[in-house]
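Engineer: Provided herewith is a single structure, encoded as C-alpha cells, for subsequent inquiry.
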Number of protein chains: 2
Amino acid sequence: MERPAQTIFYSLEKAIKSYRQFAQRNLADNGFSVTIDQGLILSLIQDNPGITQQQIAVRAFKDHASVTRIIENLVSRDFLKRDFHRDDRRRFELSVTASGTETLLQMEKTVVGNRTKALEGISAYEIETLKNLLERITQNCK
Amino acid sequence: MERPAQTIFYSLEKAIKSYRQFAQRNLADNGFSVTIDQGLILSLIQDNPGITQQQIAVRAFKDHASVTRIIENLVSRDFLKRDFHRDDRRRFELSVTASGTETLLQMEKTVVGNRTKALEGISAYEIETLKNLLERITQNCK
DNA sequence: CAAATATAATTGATATATCAATTAAAAATA
DNA sequence: TATTTTTAATTGATATATCAATTATATTTG
C-alpha cells in the first residue's frame, strides 16, 4: 500500500494545516483573540443577515453542534448578539455587535495579508486549476 | 474583502473535510473502530520501527500533545504496545500488537478503495500538479 | 383538528488541535 | 563534575469535530 506520506491527501492536510497555523499565528501576533473559525462565522453573519445556524453550518462546512458552540462563545464575548426570531421560535436572530464589527474591520488587513502571502508566486490560472481539482475531489467523496 | 466562500482556502477545507468524512464513514461502515488518524499513526509505527513520538508528530503533521493522546488511546485498546526504551528513558519503544497488525491488514482494502474513489477521473498528471501547488502553499506559510 | 413528521437548535460523549507549562532524563559545557 | 541547556513526553486549558440523542417548535397530513 502506498505510504500515507506519499498520498495527495497528506499534501492536502499539510497545506491546510500550514495555512491555518500561519493565519492563526498572524492573528494572535496582531493581538486578535478570535480564531479563524470564529472570524469566518462572524463574517458570514455580517454578510448574510437573517442566516440560520443550519445555513452557517453548511456554508462554513461545519457540524451543527460546532456552530452552536462557536456562537455561544462569540455571544459570551460580546462579538455577537442572539435574539429570538419573530416568526419562528426555534430560530435565533443573529447579529454582529459593534465590537464584532470593529474586530472584523481591524482583522481584514491581516486576513488579506495572510491569503496573499500563502498564495505568493501562484498564478490566477494555477489557483483556478487547484480549485477545480479540489472540487472534483469533493464531488467524488459524496 | 473577498468572501471566504470564494477563496481557495475554502475549497481546500471542503475537499479535505469531504475526504475525511467519506473515508471515516466507510471505515465505520466496514466495522472498524479506528479513526483515520489512529490508523495513520498505527501504520507509521509499523513501517518505522523505533520511531519516536516526536517523529510521529512531524510525519503525521500533528501536535505532540495529540500524538500522546492518540497513542494512549491505541495502547488502551491493545492496538499498540508501549515499552520503555533501553538506552533513553525519556522515550518509549512503540510496537504494533498482533491485533493492531490484523486491523491494519483488514483496513487496507477499504483505505485503498477510499483513495481510489476520491481521485476518480483525476489523471496522474493532475495529481502531480495538485501536489505541487499544495506544496507551494505549504512553503509560503512557513 | 389531532397525530405524525420535519426542522432548528442544543446537549453529551469522545476524539483531536493548539498553546503553554511542567516533568524527567540526557547532553553539553563551564 | 556541577550547572545549564536540550530533548522527549505529559498535562491542563480551551476550542473544535463528530455522532447520537433530545427538546422545542413548525408543518404536514389523515
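The values are calculated or read from the model by the stated rules, or taken from the named source; none is laboratory data. Values in this document were obtained by computation on a predicted structure and should not be read as measured data. Note that each Cβ is placed from the backbone with ideal geometry, even for glycine, and that neighbours are counted across all protein chains shown. The area values use the complete protein model at the heavy-atom level, side chains included, leaving out ligands, DNA and RNA. Shrake-Rupley method; radii C 1.70, N 1.55, O 1.52, S 1.80 Å.
Engineer: Looking at region B:4-27, can you tell me whether even one residue there is more than 12 Å from chain A (Cβ to nearest Cβ) and either within 12 Å of DNA strand D (Cβ to nearest atom) or small (G, A, S) (or both)? Break it down stepwise before answering.
Structural biologist: If we filter region B:4-27 for residues that are more than 12 Å from chain A (Cβ to nearest Cβ), which is where we start, we get B:27.
From the residues that got through so far, the ones that are either within 12 Å of DNA strand D (Cβ to nearest atom) or small (G, A, S) (or both) too are B:27.
Yes, the conditions are met somewhere in region B:4-27.
Engineer: If you don't mind, there's one more thing I want to ask. Out of curiosity, is A:L74 open to solvent by less than 30 Å² (accessible area, probe 1.4 Å) and within 14 Å of chain B (Cβ to nearest Cβ)?
Structural biologist: Working: open to solvent by less than 30 Å² (accessible area, probe 1.4 Å): yes; within 14 Å of chain B (Cβ to nearest Cβ): no.
The answer is no for A:L74.
Engineer: Looking only at helices (runs of 4 or more DSSP H) that lie completely in region A:7-92, which have at least 2 residues being among the basic types (K, R) and within 7 Å of DNA strand C (Cβ to nearest atom)? Full working, then the answer.
Structural biologist: Numbers: elements: A:8-29, A:36-47, A:53-59, A:64-76.
Because the criterion is at least 2 residues that are among the basic types (K, R) and within 7 Å of DNA strand C (Cβ to nearest atom), the helices (runs of 4 or more DSSP H) in region A:7-92 that meet it are A:8-29.
Engineer: Anything in region A:84-125 that is within 14 Å of DNA strand D (Cβ to nearest atom) and exposed (fewer than 10 other Cβ atoms within 10 Å of the Cβ)? List them, or say none.
Structural biologist: Those that are within 14 Å of DNA strand D (Cβ to nearest atom) and exposed (fewer than 10 other Cβ atoms within 10 Å of the Cβ): A:R86, A:D87, A:R89, A:R90.
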